[in-house]
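The values are calculated or read from the model by the stated rules, or taken from the named source; none is laboratory data. Small disclaimer: the values here were computed from a predicted structure and weren't measured. Note: ideal-geometry Cβ built from the backbone for every residue, glycine included; neighbour counts use all protein chains shown.
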Amino acid sequence: MARNWRISSFTGVLLAAYFIPTWAIVAYRIMVSPVQGLFERPSVSVAFFITDHLQLASMTIVRIAWLLALSRLTVVAFLATFVILALLAVIRKTGDHKEPLAIALTLGSVISFASVILASKAGEIEALRMHATELLMMLGAVVVLAFEAPPQPQADLVAADADLSLDRAQLSNNG
């Protein structure tokens, strides 16, 4: 079982171990109390930007907070799907479990990148550091996922070794 773990699968599981509980707790706090949850550290940059720069109404702020919680829960759901698929050895050997990870990394990177921009506009240095760290973790996993070669089945490797035998002619016109 330990022989067919790819580096992108291992990286994805480690990211999921961080992002699933962290973002689920943040989303839960926003769902329970939208304004108070929005003004906690993980979302304070978004809260300051929409209240100070956009000057929106209270119900609009609550709707934006719920939209942020929903987007974070979407990333959590895709990461949980990836972890379940990565733990199934049959699916992991074929490499068909990477799509939920790719979707989660795309959505999570967009959320973190927007939060970095909003934190820099709002002047929140601690929130900027936190969102930049999350963004760099996700972008590192994207690079690993993009540059990792697809898995080759073991039967193909055996067939390729059989084709390279020295007792047969390698070219068809060698007569």
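A search for C-beta distances below 9 Å between a residue of the stretch 27-45 that is more than 16 Å from residue 63 (Cβ to Cβ) and any residue that is among the hydroxyl-bearing types (Ser, Thr, Tyr), counting only pairs 6+ apart in sequence or on different chains, returns 29/43; 42/22; 42/115; 45/115; 45/120.
Somewhere in the stretch 29-42, is a residue hydroxyl-bearing (Ser, Thr, Tyr) and part of a helix (DSSP H, G or I)? First the steps, then the outcome.
Kept after step one, since they are hydroxyl-bearing (Ser, Thr, Tyr), are these residues of the stretch 29-42: 33.
Filter once more, so that each one left must be part of a helix (DSSP H, G or I): none.
No, the conditions are met nowhere in the stretch 29-42.
Residue 162 meets each of the listed conditions (1) exposed (fewer than 10 other Cβ atoms within 10 Å of the Cβ); (2) part of a helix (DSSP H, G or I); (3) modelled with pLDDT of 60 or more apart from (3).
Looking only at residues in the stretch 131-140 that are of a type outside the set (S, T, N, Q) and surrounded by fewer than 20 Cβ atoms within 10 Å (Cβ to Cβ), the one that is farthest from residue 50 (Cα to Cα) is 140. Annotation: of all residues in the stretch 45-59 being of a type outside the set (Gly, Ala, Ser) and in a helix (DSSP H, G or I), the one that is surrounded by the fewest Cβ atoms within 10 Å (Cβ to Cβ) is 59. Scoring residue 39 on the criteria (1) among the aromatic types (Phe, Trp, Tyr); (2) over 17 Å from residue 124 (Cβ atoms); (3) modelled with pLDDT of 90 or more; (4) surrounded by fewer than 19 Cβ atoms within 10 Å (Cβ to Cβ) leaves a single failure, condition (2).
Going through 80, 86, 69 one at a time, which residue ends up being touching a His at 6+ places or on another chain (Cβ under 6 Å) and assigned to a helix (DSSP H, G or I)?
86
Out of all the residues in the stretch 53-63, is one or more within 25 Å of residue 136 (Cβ to Cβ) and either among the charged types (D, E, K, R) or in contact (Cβ under 8 Å) with a residue 12 or more places away in the chain (or both)? Checked the stretch 53-63: no residue is within 25 Å of residue 136 (Cβ to Cβ) and either among the charged types (D, E, K, R) or in contact (Cβ under 8 Å) with a residue 12 or more places away in the chain (or both).
Kindly indicate the residue of the stretch 87-106 that is modelled with pLDDT under 95 and in contact with a Leu (Cβ under 6 Å, 6 or more places away or on another chain) and also surrounded by the most Cβ atoms within 10 Å (Cβ to Cβ) among those meeting that condition. Taking the candidates together, the pick is 97.
Yes/no per residue for (1) more than 14 Å from residue 118 (Cα to Cα); (2) of a type in the set (Val, Ile, Thr):
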residue	(1), (2)
20	yes, yes
38	no, no
54	no, no
59	yes, no
83	yes, yes
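The listed residues are 20, 25, 84, and the only one of them that is touching a helix residue (DSSP H, G or I) at 6+ places or on another chain (Cβ under 6 Å) and more than 21 Å from residue 147 (Cα to Cα) turns out to be 20. Polar (S, T, N, Q), closer than 27 Å to residue 141 by Cβ, surrounded by 21 or more Cβ atoms within 10 Å (Cβ to Cβ) and within 17 Å of the chain's Cα centre (by Cα), is that true of residue 109? Here the answer is no, as residue 109 does not meet what is asked.
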